[in-house]
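Beneath this line is the structure, given in structure tokens, with notes to follow.
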Amino acid sequence: MSKRALITGLTGQDGAYLAQLLLAKGYEVHGLVRRSASADVIDARLRWLGIAGDIQVHDGNLTDLSSLIRIIRDVKPDEVYNLGAQSFVKSSWQQPLLTGSVTALGGHNMLEAVRLEAPEARIYQASSSEMYGLIQEDVQSEKTPFYPRSPYAVAKLYAHWMTVNYRESFGLHASSGILFNHESPLRGIEFVTRKITDGAARIKLGLEDKLTLGNLDATRDWGHARDFVRAMWLMLQQEEADDYVIATGRTTSVRDFCKMTFSLLDLRMEDHVVVDPRYLRPAEVDVLLGDATKARTKLGWQPECSLEQLVSEMVDADIERIKLQQKH
């Protein structure tokens, strides 16, 4: 019998790559998808990877515990990956209560549904490096104190500690991955890396002349989402549940990410990038740099894609996408 997995956030970047990985491993993959007026485009990432028809989709919502109980009762999953969230940091200041409902309480709802309906299932909670916020140590590990700096990060921290609590209180095999920034051609256009690669591609193709950004000096530890979803799967294969930092151990500024992107297209970022204060956060997270020693040692995980390879893949994909759009 093949293993059954349930993924929330199926149609996001991580959900799509995770579904692809699990299908390749012979899993029966189920996904929770909330009802949306944009249903015709919601599976675009799954179609990009060529797996849209291979997944059984269930209508539900993280904010609706009854729908989660119903789906888990029907699917009887061996593994549950809770990737669903309102995950755009900027929007969390504009919609803080929604972010709390989906990202914090949604994670709690899933833990409760698993406890009630599938206590033997293994569950993965997507935690975030944003929880470190105003960093208390230069390099962040599982032992670094948290200091969240946005409603999103606070909500993620609630779901993170609830995962620990359910593991310790009810014996659930519940693990959290404290994932540092991970990107790909499937990253949402609202995130700075995709904004940069898409913007540079448009400038190269003569469709735009300027790219407007916020804080160019913020630095992040950027990896490829394909590498990071492999770490999620590895966590649920361990005998005991635990929490793991997943990161590359290399930090790069937004400015340098820009330079890398524009130079691939034989452009100079200085000629095209404009800083607009509207894109600055109310409380900035200046530096994030992860120490994934525990994941390397216990899980045998390490990233396979370099930042240079990642940027090149994203730029190529955006050039291809824009050219396709122009044809239609």
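Of all residues in region 132-174, which are among the charged types (D, E, K, R) and in contact (Cβ under 8 Å) with a residue 12 or more places away in the chain?
Answer for region 132-174, where residues must be among the charged types (D, E, K, R) and in contact (Cβ under 8 Å) with a residue 12 or more places away in the chain: Asp138, Glu142, Arg149, Lys156, Arg167.
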> Is there a residue being in contact with a strand residue (DSSP E or B) (Cβ under 8 Å, 6 or more places away or on another chain), assigned to a strand (DSSP E or B), of a type in the set (Lys, Arg) and more than 30 Å from Pro282 (Cα to Cα) anywhere in region 76-83?
Replying inline: no
> Does region 194-214 contain any residue that is among the acidic types (Asp, Glu), part of a loop (DSSP other than H, G, I, E, B) and assigned by TED's automatic domain parsing to the domain that holds Trp161?
Replying inline: no
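Could you please let me know if Arg4 is of a type in the set (Lys, Arg), surrounded by 17 or more Cβ atoms within 10 Å (Cβ to Cβ) and modelled with pLDDT of 95 or more? Give the steps one after another, and end with the answer.
Numbers: of a type in the set (Lys, Arg): yes; surrounded by 17 or more Cβ atoms within 10 Å (Cβ to Cβ): yes; modelled with pLDDT of 95 or more: yes.
So Arg4 fits the description; yes.
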> So Val274 clears everything in (1) surrounded by fewer than 16 Cβ atoms within 10 Å (Cβ to Cβ); (2) closer than 20 Å to Ala153 by Cβ except one condition, right? Which one?
Replying inline: (2)
> Of the numbered conditions (1) among the aliphatic types (A, V, I, L, M); (2) touching a Ser or Thr at 6+ places or on another chain (Cβ under 7 Å); (3) closer than 20 Å to Glu304 by Cβ, Ile196 satisfies every one except a single condition; which is it?
Replying inline: (3)
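For the condition in a loop (DSSP other than H, G, I, E, B) and touching an Asp or Glu at 6+ places or on another chain (Cβ under 7 Å), what is the one hit in Arg35, Arg73?
Working: Arg73 fails: in a loop (DSSP other than H, G, I, E, B).
None of the others qualify; the one that does is Arg35.
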>> Exactly one of these conditions fails for Ala241: (1) closer than 30 Å to Leu157 by Cβ; (2) part of a helix (DSSP H, G or I). Give me its number.
In response: (2)
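Return the only residue of Ala159, Ala104 being at pLDDT 95 or above, of a type outside the set (Val, Ile, Thr), closer than 22 Å to Ala16 by Cβ and crowded, with 22+ Cβ neighbours inside 10 Å.
Exactly one residue qualifies, and that residue is Ala159.
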> So, of the residues in region 176-193 that are of a type in the set (Gly, Ala, Ser) and in contact with a strand residue (DSSP E or B) (Cβ under 9 Å, 6 or more places away or on another chain), which turns out to be surrounded by the most Cβ atoms within 10 Å (Cβ to Cβ)?
Replying inline: Ser176
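Hey, does region 108-126 have a residue that's of a type in the set (Gly, Ala, Ser), at pLDDT 95 or above and within 19 Å of the chain's Cα centre (by Cα)?
From region 108-126, those of a type in the set (Gly, Ala, Ser) are 113, 118, 121, 126; that's our starting set.
Filter once more, keeping what is at pLDDT 95 or above: 113, 118, 121, 126.
Next cut, within 19 Å of the chain's Cα centre (by Cα) only: 126.
Yes - at least one qualifying residue is present in region 108-126.
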> Looking at (1) assigned to a strand (DSSP E or B); (2) under 30 Å from Ser169 (Cα atoms), which is the only condition Val274 fails?
Replying inline: (2)
> Taking into account only those residues within region 241-300 that are small (Gly, Ala, Ser) and touching a strand residue (DSSP E or B) at 6+ places or on another chain (Cβ under 9 Å), which is nearest to Glu120 (Cα to Cα)?
Replying inline: Ala241
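Quick one: how many residues across region 277-296 are part of a helix (DSSP H, G or I) and either crowded, with 20+ Cβ neighbours inside 10 Å or modelled with pLDDT under 90 (or both)?
Number satisfying all stated conditions: 4.
Consider region 116-167. How many of its residues are among the charged types (D, E, K, R), within 22 Å of Ala231 (Cβ to Cβ) and either assigned to a helix (DSSP H, G or I) or outside the structural domain of Asp242 (by TED's automatic domain parsing) (or both)?
Applying the first criterion (among the charged types (D, E, K, R)) to region 116-167 yields 117, 120, 122, 130, 137-138, 142-143, 149, 156, 167.
Next cut, within 22 Å of Ala231 (Cβ to Cβ) only: 122, 130, 137, 142-143, 156, 167.
Then drop every residue that is not either assigned to a helix (DSSP H, G or I) or outside the structural domain of Asp242 (by TED's automatic domain parsing) (or both), which leaves 130, 156, 167.
Within region 116-167, residues that are among the charged types (D, E, K, R), within 22 Å of Ala231 (Cβ to Cβ) and either assigned to a helix (DSSP H, G or I) or outside the structural domain of Asp242 (by TED's automatic domain parsing) (or both) number 3.
The values are calculated or read from the model by the stated rules, or taken from the named source; none is laboratory data. Note that the structure is a prediction, hence the values are computed from the model and not measured. We place every Cβ from the backbone using ideal geometry, glycine too, and count neighbours over all the protein chains shown.
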